[in-house]
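The values are calculated or read from the model by the stated rules, or taken from the named source; none is laboratory data. Since we're looking at a predicted model, the values are computed, not measured. Here the Cβ is made from the backbone with ideal geometry for all residues, glycine too, and neighbour counts use every protein chain on show.
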Amino acid sequence: MNDTVVKTVHGMVRGIDQGGVVSFRGIPYAAAPEGELRFQAPCPPEGWEGVRDAVGFGPAAPQLPPAPGAPPVWRPGDGLDCLRLNVWTPDAGGAGLPVMVWIQGGAWKAGSARMPHYDGALLAGSGVVVVTLDYRVGFEGFGHLPGAPDNRGLLDQLAALRWVRENIAAFGGDPDAVTVFGQSAGAASVVLLLAAPASEGLFRRAIAQSVPEGARTADEAGRITASLAAAARVEATLEGFAALPPESILAVQDAPLTGPGAGVSAFGPVVDGELVTGQPWTGIGEVAARRVELVCGYTREEFRGLFPGPPPPGVGPADVAASLGLGPDAVAAYREAYPGADDAGLFMVMMSDAVVRVPTMRVAEAHARAGGRTWLYEFAWRGPVLGAGHGVDVPFVFGNVQGGFAARVLGSPPPEDFAGLSARIRESWTSFAAAGDPGWPRFDLDERRARVWDTEPSDTARPLEASRLIWEQAAG
């Protein structure tokens, strides 16, 4: 392997030529958010003299292990110096390559670019510069504190995109051809950034895979902070939380999750009236929609990847409908729309609609309604472990089957048809990044065309139509 040196605005970095793709890992895009910078907006990193080795990932943001029994991604000794990014380029000495910037999900409280399934080498081999990044999650990134800016994790993402704007040409990329893509919380981040005036000029295209809702009002976020403070026995103030090491906050981060319907995370974007004005689809206006082209979609069985298993004992479809705010006729409408589903199947359909499928459809509708160039897809491929559940599409995008995540969602080894479908999806994503065309007809509010990703992809009109109409009726 040969070393490659690139000059950034903060100093020289040395990457590793992996044979066709050069990787640069752990580059600071902002200063470490520690000391007086903790719970504050990101600040530019200090420059350095000489050549900095960029051969290893930086620390993850503070978080608990991703799953019971899984090895920790972050340990207390890792500290808070997590605002790093990674670049894979197929031509470090070239120019004008499309750029794809990945924002990972993790329920706003977990996830790291160092996870093996986010390795960008194979995707970069398709002729794009790939960037992945870490941003603050959990209370460090999304806790509401008087005297501290809200949505610090989103501010981190904006800082990383500004770094890309200033530096990516040195890696062979075109700063005017940036596509931001992400999944789950990362997809919601993508859509929120798309709608934010602060992102103007930072990216041209966006891909949002499985967009959830989850924005909190300031009052809701304040109650979460109060619950955490009580559990940690500190004042619900900036000074109170600044005195706690990250591991002490992590120990109580799920304290607000009590009672049925509490969800999997206490955190999410906070409606601040500037960066976040509501749920992801509510802020998409004409200017933003016409400025940024959008591909968005969902997996067919989203809830299977979020809460595997049947509904709780004694919980029937009527109970689920009531908890979701659907009208009294919703259950009958669901039974008519999905005649082959038993009660457990209806539970899966209704919850998949509630948490991701309908929110993603609303994003597509809002973007198209505002005049944007929009494409919709449904990921229907069913694997032997997770079916078409939440997150199963991620390994297809990067082409990676290494690591525990890929094994959990695909099985090990993956099914034989994985490689072919993965290649097709990578071609679609990179074609969109390069030329604004993912390879299937655009979505509009009349025909509602969409791509169905399966072993043999196809195109369809009006996917999820029955569910959409049920939820439209409930919204009035």
Since Val252 meets every condition but one in (1) out of contact with any Gly (no Cβ under 8 Å at 6 or more places or on another chain); (2) farther than 25 Å from Ala32 by Cβ; (3) surrounded by fewer than 20 Cβ atoms within 10 Å (Cβ to Cβ); (4) modelled with pLDDT of 95 or more, which condition does it not meet?
(2)
Odd one out for Cys296, checked against (1) under 16 Å from Glu213 (Cβ atoms); (2) without any contact (Cβ under 8 Å) to a residue 24 or more places away in the chain
(2)
If Gly285 satisfies every condition in (1) in contact (Cβ under 8 Å) with a residue 12 or more places away in the chain; (2) farther than 20 Å from Ala208 by Cα; (3) among the small types (Gly, Ala, Ser) but one, which is the exception?
(2)
Need pairs with beta-carbon distance below 6 Å; first residue of a type outside the set (Asp, Glu) and within the stretch 152-169, second at pLDDT below 95 and part of a helix (DSSP H, G or I); sequence gap 6+ or separate chains.
none
If we keep just the residues of the stretch 443-459 that are part of a strand (DSSP E or B) and without any contact (Cβ under 8 Å) to a residue 24 or more places away in the chain, which is farthest from Ala370 (Cα to Cα)?
Ser458
Reported set for the stretch 203-214 where residues are surrounded by 20 or more Cβ atoms within 10 Å (Cβ to Cβ) and touching a strand residue (DSSP E or B) at 6+ places or on another chain (Cβ under 7 Å) is Phe203, Arg205, Ala206, Ile207, Ala208, Gln209, Ser210, Val211
Look at the stretch 193-246 and say how many of its residues are closer than 30 Å to Ile425 by Cβ and in contact with a Gly (Cβ under 7 Å, 6 or more places away or on another chain).
6
Only one of (1) surrounded by fewer than 23 Cβ atoms within 10 Å (Cβ to Cβ); (2) under 21 Å from Trp375 (Cα atoms) is not met by Leu192, so which one is it?
(1)
Would you mind stating whether Arg357 is of a type in the set (Lys, Arg), in contact with a strand residue (DSSP E or B) (Cβ under 8 Å, 6 or more places away or on another chain) and at pLDDT 90 or above?
yes
Residue list for the stretch 76-99, restricted to those being among the hydrophobic types (A, V, I, L, M, F, W, C) and either surrounded by 24 or more Cβ atoms within 10 Å (Cβ to Cβ) or part of a strand (DSSP E or B) (or both)
Cys82, Leu83, Leu85, Val87, Trp88, Leu97, Val99
Answer yes if at least one residue in the stretch 383-395 is touching a residue at least 40 places away in the same chain (Cβ under 8 Å), β-branched (Val, Ile, Thr) and crowded, with 21+ Cβ neighbours inside 10 Å, and no otherwise.
yes
Residue hits (the stretch 355-371; surrounded by fewer than 24 Cβ atoms within 10 Å (Cβ to Cβ) and either among the polar types (S, T, N, Q) or in a loop (DSSP other than H, G, I, E, B) (or both)) are Ala370, Gly371
